[in-house]
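Data first, discussion second: the structure below is written as structure tokens.
The values are calculated or read from the model by the stated rules, or taken from the named source; none is laboratory data. This structure is a prediction, so every number in the text was calculated from the model and none was measured. Backbone-built Cβ (ideal geometry, glycine too); neighbour counts: all protein chains shown. Protein only, heavy atoms only, side chains kept; ligands, DNA and RNA dropped before computing areas. Shrake-Rupley method; radii C 1.70, N 1.55, O 1.52, S 1.80 Å.
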Amino acid sequence: MCKLRVARPTRSLATVVRFYREGLGFELVGGFEDHAGFDGVMLGQVGTPYHLEFTVERGHEAPRAPSPEHLLVFYVPRRAEWESRVKRMVQAGFQPVRSHNPYWDVHGKTFEDPDGYRVVLYQGEWTR
């Protein structure tokens, strides 16, 4: 089985970690300091074959998301679990935003992280 790491820079490690830990419930799975001028953390969820890596390059400011269509989409099949995840985001201080693509607003909620990248919590199954 392959595992996936989605890696990207951030403008503020602390604020983006708060979004994904407190809002989405991710756990710290690793991190590093001054690795060739980069600091970073890896966040994941138990039992999933993926995790997210966020880095800060010392002396450089990362750009904001290039567009509102840069998304991570999480399909949550059970309605009660989806409602719980949306509630957790709101309780952590993150309000839903209108999705650029209205498709995601039909059965989902979109949240924007501190760098302008968006996360969709979609209530439904992912089917191929």
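Rounded to the nearest 5, what % of the DSSP beta bridges within the chain are antiparallel ones? Once the DSSP bridges in the chain are tallied, antiparallel ones form about 60 percent.
For the chain, a simple Cβ point-charge model (Lys and Arg +1, Asp and Glu -1, everything else neutral) yields a dipole of about 440 debye relative to the Cα centre.
According to the Cα-based calculation, Rg over Rh for the chain is 0.97, with Rh computed by the Kirkwood formula. Nonpolar atom fraction for the stretch 57-128, defined as the carbon and sulfur part of the 1.4 Å probe accessible area, stands at 49 percent. Estimated from helices alone, the mean residue ellipticity of the chain at 222 nm is -5000 deg cm²/dmol (sum of -39500 (n - 2.57) over DSSP H runs with n ≥ 4, per residue). DSSP assigns beta bridges within the stretch 1-76; of those with both partners inside it, close to 70 percent run antiparallel. Computed from Cα positions, the angle between helix 79-91 and the longest principal axis of the chain comes to roughly 50 degrees.
Run through all the Cα pairs of the stretch 81-128 and give the fraction in each 5 Å bin from 0, expressed as whole percent. With 5 Å bins starting at 0, P(r) equals 5, 21, 31, 25, 14, 3, 1.
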